[in-house]
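Presented below is the structure to which this report refers.
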Amino acid sequence: DNIGVVGVQFQLNGTNLGTEDQSTPFSISWNTTGVVSGQYTLTAIARDAAGNFTTSAPFKVNISSPTSSLSVSIAGSGSVTSNPKGILCASGTCFASYGTGSTITLTAKANKKWTFSGWSGACSGTGECVVQLSTNQSVKATFSQNGNGRG
């Protein structure tokens, strides 16, 4: 630098993280709540008064986000899937872990000659089940056999 740093733009995986910091000491805060676990690359691009730019060496950060589990149990004959993926349950009890704070949508599908009767536990009703995972949660999907024996 030949004139003095007047601003620093921090980047996360090559994308600007906030706006350019124009006051010393140059810094940024990154709230990692809800960030998916994995490795991320942070860089700083310094700008001087003459308009020259220099990019720092990359700094690798490993994020390990807290997780919560979602258990789904099946009573009767049917299946439950999730969005995002993780649950594909056709019998018994299935589990998946997601980032704490995630929203999971469960969909029930009855097998032939069965009807979806409803949710219990963290959900109720017969539509989609939407679970906000602030802690470990459990849901039960109940399926009833059709009385007339037709599918």
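Along the Cα-to-C-beta direction of residue 32, a point sits 7 Å from the Cα; which residues of region 60-85 have their amide N less than 17 Å from that point?
60-68
How would 130, 139 rank on accessible area, largest to smallest, probe 1.4 Å?
130, 139
Springs between alpha-carbon atoms under 10 Å, Gaussian network over the chain: tell me which of 64, 56, 77 tops the mean-square fluctuations.
Highest fluctuation among the options: 56.
Among the lysines, select those whose C-alpha is under 30 Å from the C-alpha of residue 140, and discard any that sit fewer than 8 residues away in the same chain.
Residue 140 reaches 85, 109, 112, 113.
Trypsin sites (Lys or Arg not before Pro) within region 63-151: which are DSSP loop residues with at most 15 other Cβ atoms inside 10 Å?
Listed in order of number, the matching sites are 85, 112, 113, 150.
Test of understanding: what is the full-extension gain from residue 128 to residue 109, defined as 0.36 nm times their sequence separation minus their Cα-Cα distance?
5.8 nm
Suppose every K and R has +1 on its Cβ and every D and E has -1 on its Cβ; what is the size of the dipole of the chain about the Cα centre, in Debye to the nearest 20?
It comes to approximately 1100 debye.
Give the calculated FRET efficiency between residue 17 and residue 81 to the nearest 0.05, with a Förster radius of 25 Å applied to their Cβ-Cβ distance.
My answer for the efficiency is 0.10.
I need the per residue convex hull volume for the chain, using only the alpha carbons, in cubic angstrom as a whole number.
It is 127 Å³ per residue.
Order these peptides, 4-10, 92-98, by their mean beta-carbon neighbour count within 10 angstrom, highest first.
Most protected by this proxy first, the peptides run 4-10, 92-98.
In whole angstrom, how far apart do the alpha carbon centroids of region 100-122 and region 38-69 sit?
41 Å
Quick one: order 17, 70 from most to least accessible surface, probe 1.4 Å.
The residues order as 17, 70, largest area first.
The values are calculated or read from the model by the stated rules, or taken from the named source; none is laboratory data. No experiment lies behind these values; they were computed from the predicted model shown. Cβ: placed from backbone, ideal geometry, glycine included. Neighbour counts: every protein chain shown. Accessible surface is based on the protein model in full, side chains and every heavy atom, while ligands, DNA and RNA are left aside. Shrake-Rupley method; radii C 1.70, N 1.55, O 1.52, S 1.80 Å.
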